[in-house]
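Here's the structure we're looking at; comments come further down.
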Amino acid sequence: MDFSLTEEQRLLKDSLDKFVQQEYDFESRRAIVENDAGFSAKHWQTFADLGWLAIPFSEEAGGLGGGPVETMLLMESFGKGLVAEPWLTTVLMSGYLIENLGSEEQKQRYLPAIVQGEMQVAVAVWEQQHGFDNQVVSTSANAVSGGYEINGQKEFVINGQNANCLLVSAKIDDGNESSLGLFCVDTTIPGISTQAFKTVEGGRAANVTFDNVVLDESALLASGEAVEKAIQHCMALGTFAVCAEAVGIMELLYNTTVEYTKTRKQFGVPIGKFQVLQHRMVNMFILYEQSQSLLLMAAIKLSEGGEEAQQAVSALKTWIGQAGRKLGQESIQLHGGMGMTDELNVGYYFKRLTAIDALFGNADMHLDRYAKALS
Amino acid sequence: MDLTISKKYQDFRAEVKSFLEENLAPELREAGRFTTSVFSDSGLAMNWQKILHKQGWAAPHWPVEYGGTGWDIVERSIFAEECLKAEAPLLVPIGLQMCGPCIIGFGTQEQKDYYLPRMLSGEDYWCQGYSEPGAGSDLSSLQTFAESDGDDYIINGTKIWTTYAQYANKMFCLVRTSKEGKQQQGITFLLLDMNTSGITVEPIIGLDLVHEQNTVFFDNVRVPKANRIGEENNGWTVAKYLLEFERGGSEYAPSIHFQLQKVKEMAAQAKTTNGEPLLNDHTFRRKIANVEIETKTLKFTENRIKAALGSGQNPGPAASMTKILGTEISQKVTELAIEAASLNALILQPEAIEPGSGVDPIGPELTLTAMPRYLNTRATTIYGGSSEVQRGIIAKMVLGL
Ligand SMILES: Cc1cc2nc3c(=O)[nH]c(=O)nc-3n(C[C@H](O)[C@H](O)[C@H](O)COP(=O)(O)OP(=O)(O)OC[C@H]3O[C@@H](n4cnc5c(N)ncnc54)[C@H](O)[C@@H]3O)c2cc1C
């Protein structure tokens, strides 16, 4: 088996790593996540200039035709810097839904704007009452003359407060039948209220309520089975992406911890000399290596498409949820009091790993999914 | 073994309950409910201490002659349990639980007469100055130096992680008075006034974004020798005595049990993928069950230790065992809580758990403390002797390794 990167992939990785190194030291990140939007508009433009906003789109759509490997490289690098720019939601997830469900006209309206960095789109599919089941929704879209009327609530819309437009799943009821529809909703339309919040690791998300929001027909991207499938795949992509991010974080965290224990002295020796701690760090290293392996497996399965891809992503998310939590906790413990402060980046990596377990369904949920699909 | 609950204890429980009923004002209960560490809101905790003090209940574990209640070990547990259930604020332990017993055990009559009443009434607010940037687990390597100058010491050095130094007017600390001999030998236990000139306090913000800890700098700080507890160079004996109180003085199981009940409530409200309450989810129930079994196990381990203490024995290394168990099991409970809170746990909303803020929570109120507790509780296996250090003690003292 050959796991080496192509020349283009290597160049991409180099430029990503260079960006993170130069622009995303801990203090710079702190300044970025503390501004109103929670990310840097300047960096977003840089992403556009470097072509990163075009990565996952097909060449016909003006993209670079990147796949899971490119997503993996990007998110791993972003993990190491805890990059706050909303690539995951605007480009990867929203981009996928629009490219795969939208009409030519809709694609023309949104994709170039996304690629050029002019538009933010967010995915609004999660609902409090249904956990992470994205197929069952309470939000309704009733057919009214010339369009639809949306009512309902979506929770934890990542980057929802900055989005120009939201991709909203809703049950379409035309009187006879109901089916799942996906709408592209301009956030300036009356009836949308956004409860914006920061997240524990410095991210941004919002709960969004739709109260008699009237849309015209052109807002509907698609409906029926195609939507169900596309949302499912979009979630798999998002899950895979945060797992790649987690692997980047884990690599950085175990290294940071090892380095810390080489310099921190107690009882006259670097604490890394204590065998109890050595074995713990060896376990952290092994957790990271295993995570890297499973990430590659999932990247391959996703590239191949097909039935096994979902299963592979659930395996990955289960593993990362558990391994990430463990590795994060160990990093704090081994840093002692220093690990408990807001002054070291360790705490933020730890918090992001904790958040990643909760996003897209935690380890238990994915284990359950995996178990149900056992052959 | 006496397993019957006597009438005496039933009456006592009723008395405690009705006292709490009458005296725990809503804002005090709110402070208790929104507690995310071993400390409740500082001001409200002090208000509560004043109310308890009036009743004579501020320090149940102290000897009666110094203001204790004279309750036996069962009554003390009943009191603690009822306070927990009523969600009373936690009293700041640094004075009452930590410094108090040291003064009682090692102080002069004059020191006892002066400090203990002020500690009980809450007039003095204490902080603990042990750790230093270079002296954490290896506490006895501390370098803050107290130089003798007539009737005073002149102190120079730095203390770190000093919890609540920003509120405290008093500190008990360990300083070096001699560089001779083994590092444990040149240490002295001192009490000092935080208003003394030359002391500077700088905040350390925690990863839960709360300001609990501080760095305290000493620049030629003059402290009377009369403030010394015990002999010069004999502070390590006092410190070790205190560490045992810090580690084993309180029971963990009751509060873990209480937090676990809250996780169940949260899980009853949360929905899984199929729209069912999370509490009905087989996997999650089994996880709760496992931690509940661990908690029950700890409860009876603690009961055995209490029985031994009741018959006059010292907790010794058993305190290390319960500290390891208590802190590690409570960490597991906080993990279950963030799982039950799911995405709601990720929402950063410190204002909503500020007692009296009136800020509406985003998401269910029960989930508000899940993440702050999860983050804060990571510290419990680090402070007061880390889990690694405690295991080291057991290996040496119990297993003879
Ligand atoms: C929230 C919080 C509140 C605190 N409040 C106070 C306070 O009010 N007053 C005060 O004086 N101090 C306080 N402390 C300090 C606390 O007591 C120290 O953090 C603790 O002693 C550990 O020291 P350290 O942080 O320097 O970690 P280190 O000693 O550097 O330990 C780092 C890691 O190495 C491990 N380690 C160290 N030695 C060994 C060994 N021999 N074998 C195996 N593993 C080892 C530790 O277990 C830990 O995992 C507080 C700490 C925290 C986190």
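Bear in mind these aren't lab numbers, they're just calculated from the coordinates by the rules spelled out. Here the structure is a predicted model, which means the values were calculated and not measured. A quick note on method: Cβ atoms are made from the backbone with ideal geometry, for glycine too, and the neighbour counts reach across all protein chains shown.
The base-10 log of I(q)/I(0) for chain A, evaluated at q = 0.08 Å⁻¹, reads -0.41 [Debye formula, identical scatterers on Cα atoms, solvent excluded].
For region B:7-91, relative contact order (Cα pairs under 8 Å, six or more residues apart, normalised by length) works out to 41 percent. Helical runs (DSSP H, four residues minimum) scored at -39500 (n - 2.57) apiece and divided by the length of chain B put the mean residue ellipticity at 222 nm at -14000 deg cm²/dmol. Sites listed here are GluC sites (Glu not before Pro) in region A:174-222 whose DSSP assignment is loop and whose Cβ has at most 15 other Cβ atoms within 10 Å: A:GLU177.
For chain A, the longest principal axis of the C-alpha atoms and the axis of helix A:7-23 are separated by about 70°.
Extending 7 Å from Cα along the Cβ direction at B:PHE300 and again at A:ASP25 yields two label points whose distance is 5.7 nm. Hydrodynamic radius of the protein assembly as shown by the Kirkwood approach over all distinct alpha-carbon pairs: 28.5 Å.
For region A:10-83, GluC sites (Glu not before Pro) meeting the loop criterion (DSSP other than H, G, I, E, B) and having at most 15 other Cβ atoms within 10 Å: A:GLU59, A:GLU60. The 3J(HN,Hα) values that the Karplus relation (6.51, -1.76, 1.60; θ = phi - 60°) gives for region A:273-280 are, in residue order, 7, 6, 4, 3, 6, 4, 5, 5 Hz. Gly and Pro appear as x. Summing charges over all other residues whose Cβ lies under 13 Å from the Cβ of A:TYR110, with Lys and Arg as +1 and Asp and Glu as -1, gives -3.
Rounded to the nearest 10 degrees, the angle from helix A:68-81 to the longest Cα principal axis of chain A is 60 degrees. Against the main long axis of the alpha-carbon atoms of chain A, helix A:225-263 sits at an angle near 20°. Taking 0.36 nm per residue of separation and subtracting the Cα-Cα distance, full extension of the segment from A:ASP211 to A:THR46 would add 55.7 nm. Note down the relative contact order for chain A as a percent, whole number, built from C-alpha pairs under 8 angstrom at least six residues apart. Answer for chain A is 15 percent. GNM remark for chain B: springs join alpha carbons under 10 Å apart, and the peak mean-square fluctuation among B:ARG286, B:ARG391, B:ARG228 falls on B:ARG286.
For region B:290-401, the dipole from Cβ point charges (+1 on Lys and Arg, -1 on Asp and Glu) about the Cα centre works out to 740 debye, to the nearest 20. Using the Cβ of A:TYR370 as centre and a radius below 11 Å, the other residues enclosed give a net charge of +1, where K and R count +1 and D and E count -1.
In this rough spin-label picture, where each label sits 7 Å from Cα along the Cβ direction, the A:SER293-A:SER193 distance is 5.2 nm.
Working from the Cα coordinates of region A:235-366, the gyration tensor eigenvalues give, after taking √(5λ), semi-axes of 31, 14, 10 Å in decreasing order. Note on B:204-211: average number of Cβ atoms from other chains within 10 Å of each residue's Cβ is 5.
Within a straight-line Cα-Cα reach of under 28 Å, B:LYS287 can be paired with the following lysines, leaving aside sequence neighbours fewer than 8 residues apart in one chain: A:LYS317, A:LYS326, A:LYS351, A:LYS372, B:LYS85, B:LYS262, B:LYS264, B:LYS271, B:LYS296, B:LYS299, B:LYS323, B:LYS332.
Legend: mean number of C-beta atoms from other chains within 10 angstrom of residue C-beta atoms, peptide A:337-349, equals 5.
Histogrammed with a bin width of 10 Å, the alpha carbon distances of region B:259-401 distribute as 11, 31, 29, 19, 9, 1 percent, first bin at zero. Cross-link reach is defined here as a Cα-Cα straight distance under 20 Å, omitting same-chain residues fewer than 8 places apart; for B:LYS182 the lysines meeting it are A:LYS265, B:LYS240, B:LYS396.
The residues neighbouring A:ALA312, those whose beta-carbon lies less than 11 Å from its own, together hold a net charge of -1 under the Lys/Arg +1, Asp/Glu -1 convention. Taking region A:7-119 on its own, what percent of its Cα-Cα pair distances exceed 19 Å? More than 19 Å apart: 44 percent of the Cα pairs in region A:7-119.
Each listed q (0.13, 0.16, 0.17 Å⁻¹) maps to a log10 I(q)/I(0) for region B:7-91, found by the Debye formula over equal Cα scatterers with no solvent: -0.39, -0.60, -0.68. Residue-wise HN-Hα couplings along region A:141-147, as the Karplus relation 6.51 cos²θ - 1.76 cosθ + 1.60 with θ = phi - 60° gives them from phi, are 10, 8, 5, 10, 4, x, x Hz; Gly and Pro carry x.
Once the Cβ-Cβ distance of B:VAL74 and B:SER197 is raised to the sixth power relative to R0 = 51 Å, the FRET efficiency obtained is 0.60. Given R₀ = 51 Å, FRET efficiency for B:ARG118-B:ARG285 by Cβ-Cβ distance, to 0.05? Efficiency computed from Cβ-Cβ geometry: 0.55. The convex hull around the C-alpha trace of region B:123-263, projected and averaged over every direction, spans 10.1 square nanometres.
Charging the Cβ of each Asp and Glu at -1 and of each Lys and Arg at +1, and nothing else, the dipole of region A:122-223 about its Cα centre rounds to 400 debye. Here B:LYS170 is the anchor, and the aspartates and glutamates within straight C-alpha reach of less than 14 Å, apart from those fewer than 8 places off in the same chain, are B:GLU123, B:ASP124, B:ASP193.
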